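Below: the structure, in structure tokens.
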Amino acid sequence: MSEDHLGKIETAIPGFDFITQGGLPENRLTLVAGTAGSGKTICAAQFLARGIEEHGTPGVFVTFEEAADDVRRDMASFNWPIRRWEKEGKWAFVDASMGDSDENIVTGDFELSALSARIRHAVERIGAGRVSIDSLAAVFLQFADATVIRRELLRTAFELKHMGVTTLLTSERASDYGDLSRHGVEEFVADAVIVLRNVLEEEKRRRTIEVFKMRGSGHTRGEVPFTIEADHGMVVLPLSAMKLGQASSLERIASGIDELDEMCGGGFFRDSIIIVSGATGTGKTLLSTEFVSGGAEAGEKSLLFAFEESRDQLFRNARGWGRDFKDFEERDLLRLEAAYPESYGGLEDLQLYMKQVIQEWQPRRVVIDSLSAVERVGQDQDFREFVLGITSYLKDHQITGFFTSTATTLYGGDSISQGRISTITDTILMLRYVEMDGQVRRGLTVLKMRGSAHNKQIREFTIDGGGLSVGEPFRGVHGILIGDPRVLEKSRSLEDTPDAEKI
């Protein structure tokens with residue numbers, strides 16, 4: 001490696017090292033800027049905690065705004081044993097908070113030399129390789145001369161570099177899309193600038209992280225979603241990390257309905273993502289119940305995320321269709337997670353939770369009932385990122401995904417979900433109401449099945465105590481899929497057709 005090459009150290013923060021293409025510049029200063037509540041202090045503490053946990057690297061935490069005891073208490077929910085690390089010589093505080101009357105880092109004109117000496121002492125005492133400074137905003141509020149502040153910051157950054165430590169400095173922003181820092185000088189002394197945002201859009205919060213600057217190195221561009229998770233801290237969820245490199249399986253699995261398997265050319269592919277679209281009451285949840293039942297018959301574990309119906313309601317419905325969910329649970333073939341999607345926080349939190357449950361329980365089938373409920377939680381981009389994240393994860397692990405989505409009208413029309421994610425699903429099943437002779441009937445068709453021949457008929461199906469039964473195709477009827485079914489008149493013979501109408 002040449003002397004001019006910018007080395008990096010891994011932060012070990014999930015997803016962070018991907019968007020920074022390797023971590024933070026080694027022995028340099030990185031600025032993390034954000035508005036109040038964006039997660040700056042958590043990021044600064046996690047940088048040290050992960051260094052200790054993953055690399056055995058001691059760290060020094062310099063606090064300007066909160067006393068050391070407050071930081072210990074605030075970070076306790078993430079299971080970082082800071083007090084134990086202090087006793088073991090792995091973590092040291094330099095408390096420069098304004099409440100610390102015994103330590104005055106400013107004498108006369110603004111300078112940080114006293115602070116630098118304290119940091120150096122702490123670094124040498126525990127052999128630290130990482131330093132987090134949180135944050136200089138409290139100091140800046142007392143001084144108006146940006147030139148002097150910039151000079152002192154440059155001097156401090158130079159001294160930290162010569163201590164052989166990698167430094168993360170947090171700074172307050174006035175707004176999420178305004179100036180990078182409140183005082184307009186911090187970003188000029190940093191080799192890398194990371195921006196955290198916590199934006200309110202249509203009464204919903206969306207957290208994003210952006211690598212604004214990485215001197216001498218490439219990085220992911222644009223905003224990337226992240227969440228703050230109890231027991232984990234910051235978790236970055238880069239969409240660009242997902243690659244189209246999954247293996248394709250030729251294995252077929254049963255849908256739970258023999259006639260549907262026949263329509264699909266022998267069943268679903270093992271690694272496929274299936275979406276079932278239909279109006280309310282057409283049988284989407286029943287179809288997912290049959291899918292779970294088909295898995296149980298094959299001895300496969302299913303994980304059902306129910307976002308619209310309670311556990312008791314789903315168990316009751318399954319019993320009414322002759323399927324025993326309680327028996328499936330007792331045989332360790334079904335796990336049911338029932339809650340409104342809003343209860344998980346944002347879509348990033350929901351995605352992370354779902355992946356953790358999948359990783360823990362190791363199912364072969366995952367059902368989401370329904371995606372339409374999930375759409376309520378975030379904006380369009382959030383929703384698409386959520387679906388891409390889940391589908392990519394399922395495909396990577398050769399898990400079959402079965403999602404339901406509610407159509408926009410009673411008799412037809414694409415579901416909102418289907419229109420946004422149809423290109424990333426492998427199979428689309430459409431359920432429709434068909435009004436004929438004063439009766440409401442139901443129709444099912446395989447609209448799309450990637451990589452396989454399939455039956456293109458619209459077949460009638462019925463629902464009774466035995467579940468869902470697929471019957472014969474509708475004949476002499478058109479307009480079913482668009483919600484306007486009409487019976488065709490008997491076609492006239494060619495001999496009876498006027499010459500002007502003959503082809």
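The values are calculated or read from the model by the stated rules, or taken from the named source; none is laboratory data. Keep in mind that what you see is a predicted model, and the values were worked out from it rather than measured. Don't worry about glycine lacking a Cβ; one is built from the backbone with ideal geometry, like all the others, and counts go over all protein chains shown.
Just for the stretch 321-334: of the residues that are over 30 Å from the mean Cα position of the chain (by Cα) and free of Cβ contacts under 8 Å to residues at least 60 places away in the same chain, which one is nearest to Ser293 (Cα to Cα)?
This residue is Asp324.
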Quiz item: Has the stretch 187-210 got at least one residue that is of a type outside the set (Ser, Thr, Tyr), part of a helix (DSSP H, G or I), at pLDDT below 75 and buried (at least 17 other Cβ atoms within 10 Å of the Cβ)?
Solution: yes
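Can you find a residue that is at pLDDT 85 or above, under 25 Å from Gly267 (Cβ atoms) and crowded, with 17+ Cβ neighbours inside 10 Å anywhere in the stretch 477-490?
No, the stretch 477-490 contains no residue that is at pLDDT 85 or above, under 25 Å from Gly267 (Cβ atoms) and crowded, with 17+ Cβ neighbours inside 10 Å.
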Quiz prompt | Given (1) buried (at least 17 other Cβ atoms within 10 Å of the Cβ); (2) at pLDDT below 95, number of the condition His397 does not satisfy | solution = (1)
Practice problem: Tell me, please, whether a residue that is touching a helix residue (DSSP H, G or I) at 6+ places or on another chain (Cβ under 9 Å) and either closer than 20 Å to Met234 by Cα or in contact (Cβ under 8 Å) with a residue 40 or more places away in the chain (or both) can be found in the stretch 313-320. | Solution: no
Exercise. Those residues that are among the acidic types (Asp, Glu), in a helix (DSSP H, G or I) and over 24 Å from the mean Cα position of the chain (by Cα), I need them from the stretch 54-77; list them, please.
Key: Asp69, Asp70, Asp74
Quiz item: For the stretch 283-395, which fully contained strands (runs of 3 or more DSSP E) count at least 1 residues that are in the same structural domain as Thr462 (by TED's automatic domain parsing), under 26 Å from Asp258 (Cα atoms) and hydroxyl-bearing (Ser, Thr, Tyr)?
Solution: 302-306
Quiz prompt | Test result for Ser181, hydroxyl-bearing (Ser, Thr, Tyr) and at pLDDT below 85 | solution = yes
Quiz item: Which of the residues that make up the stretch 328-339 are surrounded by 12 or more Cβ atoms within 10 Å (Cβ to Cβ) and not aliphatic (A, V, I, L, M)?
Solution: Phe328, Glu329, Arg331, Arg335, Glu337
